[in-house]
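Asks: Sharing a structure, written as structure tokens. Questions coming.
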Amino acid sequence: MLTMPGACQWFLLTKDMMDKSKERALIGVAVGHAAHDTWFGVAPVLLAALSSPLNLSNADIALVLMIYQTISSITQPFFGHLSERVGGRVLAVTSILWTTMLYCIVILAPTKPVIFGALALAGFSSGAFHPQGAANATVSGGARWGATAASIFFFGGTIGTAFFGSALGGWLLGTHGRHALLWLALITTTLALTVVRAFVPRYVQIPDKAPAASDAAKGAMGGAFWALLSVLLLGTAFRSLAQQSLATFVPKQLQDMGVPTVTYGLVMSLFLFSTAIGGVVGSFLADRIGLARVLAGAMVLSGIALFGYLTLEGMAGYVMLVLTGLSLGPSHTLFIIAGQRQFPQRMATVAGAFLGFTFVTGGGGAWILGLVADRIGLSQALSVLPWALAAGAVCALVAVPRERGLAAAPQQGASSAVKG
């Protein structure tokens, strides 16, 4: 596993390949992603801890997260288009503050109606933050290192989810009670008003040129192009089902087994951190040896590792869960990059559409899995996920063009801003 110094080396490698403005943009959206997604990491741990006093079932936990994901999903294309017209900075800062406020309400007054209402409203801020962040990150890397730069953006989000959300949030919750989570509110608010406000560009940028197929080529392909794009989205759905189900139900599964809150918070932190590391490493490899082969191979490996987690117990199972995250990480970024390459002049809108589709299929799939788990048991319901990852690998092989990575491509010129 890549250590934190190693992760910094990956960042510095990419940092050397971009100008100062792009460097600042990447730092801003990555830090902002960490601040925003801190609360996404808190959610499963907090819901698991509140499940007994509030009588929350597996289906209740999955349903509230599905509502959050659904609202985020259907609003992301809109916010992506809006950010291309009016800029992303105000959306980035406001969304972090909005999410923080809503979770503070849940922490101070936890009831079923409050939880469902607050997390539903938090879906709007998720829809506002992610499209502009993903677009700014991809453009920061240029044609040569776009996947690697995008993976650093998602790495930031996973660091927030894993360390500030699951690990630190789980520790605060388990040792000092839910009111201690208000310290996280102080951290995320400070980051939003300082780093994010200063570094995220006023306007979302677009590449001068891009390696995607031209409009004429798309027209010549006709229905075949859209069929392959549909298969790409199907692969995204299989991947998001597995990712969201694990993020939602592993804390509850371990709690049902008698594992303490601090322990399953740490386990989830390691799983999410390994997902972030895998995303950076896999995206770097995709930029060098080709997106299709890295994407399909990562999906296959994650299915095998997940089968190991569901089969083994104790420390061996935890190790396999970490390996699942490591191999699952690249596919999130690479599915989005594959979509963005088809529509390079609308990168924020496409990022919003793919992220929205990812969230709604992941949240909806996890909710259905929760309904099934209430009938047949959580561990047995989770056993379908390795097969979903295998199906996603097949979709990647079918839908992603067999090109070499863009390591040999020349770096593009300065990007232009979309101002209306």
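Asks: Restricting the search to segment 369-397, which residues are among the small types (Gly, Ala, Ser) and either part of a helix (DSSP H, G or I) or within 15 Å of Gly235 (Cβ to Cβ) (or both)?
Replies: First pass over segment 369-397, keeping only residues among the small types (Gly, Ala, Ser): 370, 373, 377, 379, 381, 383, 388, 390-393, 396.
If the condition is that a residue be among the small types (Gly, Ala, Ser) and either part of a helix (DSSP H, G or I) or within 15 Å of Gly235 (Cβ to Cβ) (or both), then Gly370, Ala373, Ser379, Ala381, Ala388, Ala390, Ala391, Gly392, Ala393, Ala396 are the ones that fit.
Asks: Filter segment 342-370 for residues that are buried (at least 22 other Cβ atoms within 10 Å of the Cβ) and touching an Asp or Glu at 6+ places or on another chain (Cβ under 9 Å) and give the result.
Replies: Met347, Ala348, Thr349, Gly370
Asks: Now a separate question. Within the group Ser283, Ser274, Ser302, which residue is assigned to a helix (DSSP H, G or I), of a type in the set (S, T, N, Q) and in contact with a Gly (Cβ under 6 Å, 6 or more places away or on another chain)? So that I can check it myself, show each step before the final result.
Replies: Details: Ser283 fails: in contact with a Gly (Cβ under 6 Å, 6 or more places away or on another chain); Ser302 fails: in contact with a Gly (Cβ under 6 Å, 6 or more places away or on another chain).
The conditions single out Ser274.
Asks: May I pose another question? Do the conditions hold for Phe164, that is, is it in a helix (DSSP H, G or I), open to solvent by 10 Å² or more (accessible area, probe 1.4 Å) and out of contact with any Phe, Trp or Tyr (no Cβ under 6 Å at 6 or more places or on another chain)? Step through it out loud before you land on a result.
Replies: Numbers: in a helix (DSSP H, G or I): yes; open to solvent by 10 Å² or more (accessible area, probe 1.4 Å): yes; out of contact with any Phe, Trp or Tyr (no Cβ under 6 Å at 6 or more places or on another chain): yes.
Criteria met by Phe164.
Asks: Additional query: Take segment 59-113 and flag every residue that is open to solvent by 20 Å² or more (accessible area, probe 1.4 Å), farther than 15 Å from Phe124 by Cα and either at pLDDT below 85 or assigned to a helix (DSSP H, G or I) (or both).
Replies: Asp60, Leu63, Arg85, Val86, Arg89, Cys104, Ile105, Leu108, Lys112, Pro113
Asks: Which one of these is in a helix (DSSP H, G or I), out of contact with any Gly (no Cβ under 6 Å at 6 or more places or on another chain), free of Cβ contacts under 8 Å to residues at least 40 places away in the same chain and open to solvent by 10 Å² or more (accessible area, probe 1.4 Å): Ala227, Ala237? It would help to see each step written out before you state the result.
Replies: On the way: Ala237 fails: free of Cβ contacts under 8 Å to residues at least 40 places away in the same chain.
Result of the check over Ala227, Ala237: Ala227.
Asks: How many residues are under 20 Å from the mean Cα position of the chain (by Cα), over 19 Å from Ser140 (Cβ atoms) and hydrophobic (A, V, I, L, M, F, W, C) if we restrict to segment 306-334?
Replies: As a first pass, look at segment 306-334 and keep what is under 20 Å from the mean Cα position of the chain (by Cα): 306, 321-334.
Applying the additional criterion that residues be over 19 Å from Ser140 (Cβ atoms) yields 306, 321-329, 331.
Adding the requirement that they be hydrophobic (A, V, I, L, M, F, W, C) leaves 306, 321-323, 326, 328.
Number satisfying all stated conditions: 6.
Asks: Would you pick out the residues in segment 257-298 that are open to solvent by 40 Å² or more (accessible area, probe 1.4 Å) and small (Gly, Ala, Ser)?
Replies: Gly258
Asks: Would you be able to tell me the number of residues in segment 316-329 that are in contact (Cβ under 8 Å) with a residue 12 or more places away in the chain and open to solvent by 10 Å² or more (accessible area, probe 1.4 Å)? If you could, list the steps in order and put the result at the bottom.
Replies: As a first pass, look at segment 316-329 and keep what is in contact (Cβ under 8 Å) with a residue 12 or more places away in the chain: 318, 320-329.
Within this subset, residues satisfying the condition of being open to solvent by 10 Å² or more (accessible area, probe 1.4 Å) are 318, 320, 322-323, 326-327.
So the count comes out to 6.
Asks: I'd like to know if segment 394-408 contains one or more residues that are out of contact with any Phe, Trp or Tyr (no Cβ under 7 Å at 6 or more places or on another chain), crowded, with 23+ Cβ neighbours inside 10 Å and at pLDDT 90 or above.
Replies: No, because not a single residue in segment 394-408 is out of contact with any Phe, Trp or Tyr (no Cβ under 7 Å at 6 or more places or on another chain), crowded, with 23+ Cβ neighbours inside 10 Å and at pLDDT 90 or above.
Asks: Give the residues of segment 238-247 that are within 14 Å of the chain's Cα centre (by Cα) and farther than 22 Å from Gly314 by Cβ, sorted by residue number. Steps first, answer last, please.
Replies: If we filter segment 238-247 for residues that are within 14 Å of the chain's Cα centre (by Cα), which is where we start, we get 239-247.
Residues satisfying the conditions are Arg239, Ser240, Leu241, Ala242, Gln243, Gln244.
Asks: Exactly one of these conditions fails for Lys218: (1) modelled with pLDDT of 80 or more; (2) touching a Phe, Trp or Tyr at 6+ places or on another chain (Cβ under 8 Å); (3) open to solvent by less than 50 Å² (accessible area, probe 1.4 Å). Give me its number.
Replies: That leaves (1) as the condition not met.
Asks: Hey, can you tell me all the residues within segment 141-155 that are modelled with pLDDT of 80 or more and either in contact with a strand residue (DSSP E or B) (Cβ under 9 Å, 6 or more places away or on another chain) or open to solvent by 10 Å² or more (accessible area, probe 1.4 Å) (or both)?
Replies: The answer is Ile152, Phe154, Phe155.
Asks: Which one is surrounded by the most Cβ atoms within 10 Å (Cβ to Cβ), of the residues in segment 28-58 that are closer than 11 Å to Phe153 by Cβ, in contact with a Gly (Cβ under 6 Å, 6 or more places away or on another chain) and among the small types (Gly, Ala, Ser)?
Replies: Checked segment 28-58; the qualifying residue surrounded by the most Cβ atoms within 10 Å (Cβ to Cβ) is Ala34.
Asks: In segment 254-283, how many residues are of a type in the set (Phe, Trp, Tyr) and at pLDDT 85 or above?
Replies: As a first pass, look at segment 254-283 and keep what is of a type in the set (Phe, Trp, Tyr): 264, 271, 273.
Now drop any that are not at pLDDT 85 or above, which leaves 271.
Qualifying residue count for the region: 1.
Asks: Suppose we filter segment 299-315 for residues that are under 23 Å from Arg341 (Cβ atoms) and open to solvent by 10 Å² or more (accessible area, probe 1.4 Å); how many remain?
Replies: Going through segment 299-315, the residues under 23 Å from Arg341 (Cβ atoms) turn out to be 299-300, 302.
Imposing the further condition that a residue be open to solvent by 10 Å² or more (accessible area, probe 1.4 Å) reduces the set to 300.
Residues in segment 299-315 being under 23 Å from Arg341 (Cβ atoms) and open to solvent by 10 Å² or more (accessible area, probe 1.4 Å): 1 in total.
Asks: Give all pairs with beta carbons closer than 8 Å in which a residue from segment 158-176 that is over 9 Å from Leu272 (Cα atoms) and in contact (Cβ under 8 Å) with a residue 12 or more places away in the chain meets a residue that is aromatic (Phe, Trp, Tyr) and assigned to a helix (DSSP H, G or I); count only pairs at least 6 apart in sequence or on separate chains.
Replies: Here the result reads Gly160/Phe40; Gly165/Trp39; Gly165/Phe40; Gly170/Tyr264; Leu172/Trp183, each pair linking segment 158-176 to a residue that is aromatic (Phe, Trp, Tyr) and assigned to a helix (DSSP H, G or I).
Asks: Can you find a residue that is farther than 16 Å from Leu397 by Cα, open to solvent by 10 Å² or more (accessible area, probe 1.4 Å) and either assigned to a helix (DSSP H, G or I) or of a type outside the set (A, V, I, L, M) (or both) anywhere in segment 334-341? Even if it seems obvious, please write down each step before you answer.
Replies: Keep residues of segment 334-341 that are farther than 16 Å from Leu397 by Cα, which gives 340-341.
Narrowing further to those that are open to solvent by 10 Å² or more (accessible area, probe 1.4 Å): 341.
Those left that are additionally either assigned to a helix (DSSP H, G or I) or of a type outside the set (A, V, I, L, M) (or both): 341.
Scanning segment 334-341 turns up at least one residue that is farther than 16 Å from Leu397 by Cα, open to solvent by 10 Å² or more (accessible area, probe 1.4 Å) and either assigned to a helix (DSSP H, G or I) or of a type outside the set (A, V, I, L, M) (or both).
The values are calculated or read from the model by the stated rules, or taken from the named source; none is laboratory data. As the structure is a computational prediction, the values presented were derived from the model and not from experiment. Ideal geometry is used to build each Cβ from the backbone, glycine not excepted, and the neighbour counts take in all protein chains shown. Surface accessibility is based on the protein's heavy atoms, side chains included, excluding ligands, DNA and RNA. Shrake-Rupley method; radii C 1.70, N 1.55, O 1.52, S 1.80 Å.
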